[in-house]
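What follows is a structure written as structure tokens; I'll ask about it next.
The values are calculated or read from the model by the stated rules, or taken from the named source; none is laboratory data. Just so you know, these numbers come straight off a predicted model, no measurement behind them. Cβ placement follows ideal geometry from the backbone for every residue including glycine, while neighbour counts extend to all protein chains displayed.
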Amino acid sequence: MEIYLDWNAGAPLRPEARRALDEFLGNGAGNPASVHRSGQRARRAFEQARAQVATLIDAAVRQIVFTSGGTEANNLAIFGAVKARNGRRKIISSMIEHSSILGPLKALEQEGFTVHRVAPDANGRIATDQVVAELDESTALVTLGLANSETGAIQDLAPLAQPVRQAGALLHVDAAQAAGRMSLSATRLGCDLMTVSGHKLGALAGIGALYIRDEHLINPLMCGGPQERGLRPGTPNILGAVTMGAAAQTVGSRLSEEINHMSYLTERLRSRLWASIPGMLLNGPLFARIPNTLNLTFPSARGESLLIALDLEGVRVSMGSACAAGAVEPSHVLLAMGRSRRQAHSSLRLSLGPQLTLEQVERAAAIIVRVWRRVSEAEAPNEEARG
Amino acid sequence: MRRGPTMKPRVVVAMSGGVDSSVAAALLREDGYDVVGVAMRLSADNAHPSAGARRACCSYEDFEDARRVAERMDFPFYVVDMRDDFARTVIDPFVGDYLAGRTPNPCLACNRWIKFDRLRRRAEALGANYIATGHYARIERSAHGRFRLRRALDRQKDQSYFLFTLEQEELARTLFPLGAMTKNEVRAKARTLGLANADKPESQEICFVSENGGSYRDFVSRHADPAKIKPGRIVDTNGAMLGLHDGIHRFTIGQRRGLGVTRPTPLYVREIRPQSAEVVVSEREALGDRGLLASKVSLTDPSRASAHAMAVEVKIRYRHPLIPATLTLMENGTAAVRFATHQPAVTPGQACVFYLGDEVLGGGIIEAPLRE
């Protein structure tokens, strides 16, 4: 029986999202840009979804632009912001960001931009004063994740809003892993841009949103249509948006309940493993962490072997990121936190979700302990017998 | 779920994306084994679609071929990262051997350390009782419960030469599903199963060398510590200098081309002297050795070792016929092999494998020819 512990990679479709999708499909097709009644019906559903997403992050409806997902939202935020801040050639970020932030930054660096990447502390947290110290009149953008996808570390970004605005730069917050795991308010955070991903909330994959405080802050990346105020032209993914709206509404209506449930399960899993695996390490802060994520270093076992062995037992976990061919690479986040390559190679990310049960988590803990014992026994002699 | 009560044991199949390992995995799956396909990422940048390593082994395309087979045959498939182990146990010794004037066979090291040591231990970690490969060789169990490594029925494809380091413990946990098949039968089976790689061409070159289209000489030059590259003299058997060379790693015993020396009759590399960096060349007539000394000798079943000389047949290169010889096992894992007739190009660094009829008794690494 499958136990899915990889919710930071993607959550299953929520039942409420599926119902909303069925209902929408049952009413026939339609392009929200069309003038006729079918188009009007589609537009109503689409705009309702936008309102639901806006409510989840405490934003106004017109501040939400739908994208194809978190990656596109991050690209639109970063490239769109530097295009609009013409002349400013500096970007501040961190070493522990998601590849959909690191990738655009690398591309801009090759175009001649200066990118400053702040290092995290040993717990994976970013010191905001280090970011503030880097701000100057050449800074176009500060882009940081609110909750880290690999360790779950929550960054305290609210103190950045004022100094960033004073410097004339924009603040982009990637909340892809934070949404649904903590209370979110774009308004109170004071950011200019915020990324939210659909399928991490339990919507379909292929939908995401970018919060834009004021539409004049960024330039579009594509041209050729009036959709999304011209910031994201093209016929929108209305099916995806409908599921994202429903998921956002569900999450919003029971956020504290789900946070309590996930905290309980995650702490139970951590303490079970802690008791049975001597030498296990938690990567990331103990408290300032979203309630569903555990990044653990397992003594004398390769993370790769644990991941595969657990998969064969029906427990789905992850490690770092996968290369194109599907081989796992050690996490750049753990390396930036000062973990050795060996430790990074021995680490797994377990991420939980609101639909898991205590019984599943207890069973997963027992399987992980059993598999760790077998793997560490088989791999312990690895250091002798060299060719 | 996949594991029913009648499910046979779990087996990890090393998959390259080629037709042989694909059919090996498919046959085991059909036979009811709990197959887990594993492709090994062995050298630096071959796992990205842009690597451009089309002809080399274990490129991105090859991994995708293996993955498609796993999807078609419905078993799990993973790519594992073995780059560090491969560099340490295969590439470094390969470069070191060439720099020492020897001609290594990296497939031997890869089988010994990567497939039948590191991968076997990873398979244990995954709860697998067996590992399997697409090698053409057979393992049989004798009446006394001992395991015998035998040549493949398809003599053209027989790869038992590369497997002589396997001992009882490894043989007991290894499956070679193709040992009784011909290559044509394997391709036909692949077609019957609808595997997309049924007609994929065979890999010929050393996988990590050919990936950039270069030669092994260039590979060694690129990967060697420049201080260890030994230029020197090319001499004849009397010690007279015929020319200069820019590194002994560029030569192998019996080599004729690329000597940089012209004579009316062709010259061949007769000996490489790593101490003085001399490459000794001679005409063809002088080539031929009485036997050889081998080191790092291992036996597939040590209980069959004899204190006396044994009449065996040996192979001194992969693509070489069997030669009648006598084998004398000596101390410290060494052995002396005397050929029934003189043999050309006995090459230090290559393996000498001992056969008794169909059976692989064991083998060792050639240290030096015997010339008396």
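Here is a yes/no grid of residues against (1) under 20 Å from the mean Cα position of the chain (by Cα); (2) touching a residue at least 40 places away in the same chain (Cβ under 8 Å); (3) buried (at least 20 other Cβ atoms within 10 Å of the Cβ):
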residue	(1), (2), (3)
A:Ala9	yes, yes, no
A:Asn27	no, no, no
A:Ser34	no, no, no
A:Arg50	yes, yes, yes
A:Thr67	yes, yes, yes
A:Ala73	yes, yes, yes
A:Lys83	no, yes, no
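Further question on the same structure: Checking A:Gly112 against (1) in a loop (DSSP other than H, G, I, E, B); (2) in contact (Cβ under 8 Å) with a residue 24 or more places away in the chain: exactly one of these is not met. Which one?
Result: A:Gly112 fails condition (2) only.
Looking only at the stretch A:257-289, count how many residues are in contact (Cβ under 8 Å) with a residue 40 or more places away in the chain and either among the aromatic types (Phe, Trp, Tyr) or not in a loop (DSSP other than H, G, I, E, B) (or both).
Looking only at that region, the number is 15.
Take the conditions of a type in the set (A, V, I, L, M) and not in a loop (DSSP other than H, G, I, E, B) and apply them to B:Val297. Does it pass?
It is true that B:Val297 is of a type in the set (A, V, I, L, M) and not in a loop (DSSP other than H, G, I, E, B).
For the stretch B:117-164, give me each residue that is in contact with a strand residue (DSSP E or B) (Cβ under 7 Å, 6 or more places away or on another chain) and of a type in the set (Phe, Trp, Tyr).
Across the stretch B:117-164, the qualifying residues are B:Tyr130, B:Phe147, B:Tyr161, B:Phe164.
On the given criteria, is A:Arg165 farther than 30 Å from A:Gln355 by Cβ, basic (Lys, Arg), out of contact with any strand residue (DSSP E or B) (no Cβ under 7 Å at 6 or more places or on another chain) and not in a strand (DSSP E or B)?
So A:Arg165 fits the description; yes.
Matching residues to (1) more than 22 Å from A:Leu294 (Cα to Cα); (2) part of a loop (DSSP other than H, G, I, E, B); (3) of a type in the set (Asp, Glu); (4) modelled with pLDDT of 95 or more:
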residue	(1), (2), (3), (4)
A:Ala9	no, yes, no, no
A:Ala17	yes, no, no, yes
A:Ala20	yes, no, no, yes
A:Gly28	yes, yes, no, no
A:Ser34	yes, yes, no, no
A:Ser38	yes, no, no, no
A:Arg41	yes, no, no, no
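Only one of these is in contact with a Gly (Cβ under 9 Å, 6 or more places away or on another chain) and at pLDDT 90 or above: B:Ala240, B:Ala309, B:Ala294. Name it.
Just a single option satisfies the conditions, and that option is B:Ala294.
Just for the stretch B:108-139: of the residues that are within 12 Å of B:Thr174 (Cα to Cα) and among the aromatic types (Phe, Trp, Tyr), which one is nearest to the other protein chains (Cβ to nearest Cβ)?
If we take residues in the stretch B:108-139 being within 12 Å of B:Thr174 (Cα to Cα) and among the aromatic types (Phe, Trp, Tyr), then B:Phe116 is nearest to the other protein chains (Cβ to nearest Cβ).
Just to be sure before I move on: is B:Val79 assigned to a strand (DSSP E or B), within 9 Å of chain A (Cβ to nearest Cβ) and at pLDDT 90 or above in the structure I sent?
yes
Of these, A:Arg363, A:Arg349, which one is away from chain B (no Cβ under 12 Å) and not in a helix (DSSP H, G or I)?
A:Arg349
While we're looking at this one, here's another question. Quick check on this structure: which one of B:Val337, B:Val279, B:Val346 is within 21 Å of B:Thr103 (Cα to Cα), in contact (Cβ under 8 Å) with a residue 60 or more places away in the chain and touching a strand residue (DSSP E or B) at 6+ places or on another chain (Cβ under 6 Å)?
Checking each option against the conditions leaves just B:Val346.
When the stretch B:103-141 is examined, which residues are found to be closer than 17 Å to B:Val360 by Cα and aromatic (Phe, Trp, Tyr)?
Result: B:Phe116, B:Tyr136.
Report whether or not A:Leu335 is under 19 Å from A:Gly145 (Cβ atoms), free of Cβ contacts under 8 Å to residues at least 12 places away in the same chain and more than 10 Å from every other protein chain (Cβ to nearest Cβ).
yes
Among the residues of the stretch B:66-76, how many are within 11 Å of chain A (Cβ to nearest Cβ) and in contact with a Lys or Arg (Cβ under 8 Å, 6 or more places away or on another chain)?
Selection size over the stretch B:66-76: 1.
To continue, here is another question. How many residues, within the stretch A:65-100, are under 30 Å from A:Gln48 (Cβ atoms) and in a helix (DSSP H, G or I)?
14
Taking A:Val369 as meeting all but one of (1) surrounded by 23 or more Cβ atoms within 10 Å (Cβ to Cβ); (2) closer than 15 Å to A:Leu281 by Cα, write down the number of the exception.
It is condition (1) that A:Val369 fails.
Now for a separate question. How many residues does the stretch A:290-310 hold that are surrounded by fewer than 19 Cβ atoms within 10 Å (Cβ to Cβ) and either assigned to a helix (DSSP H, G or I) or away from chain B (no Cβ under 13 Å) (or both)?
Here the count works out to 1.
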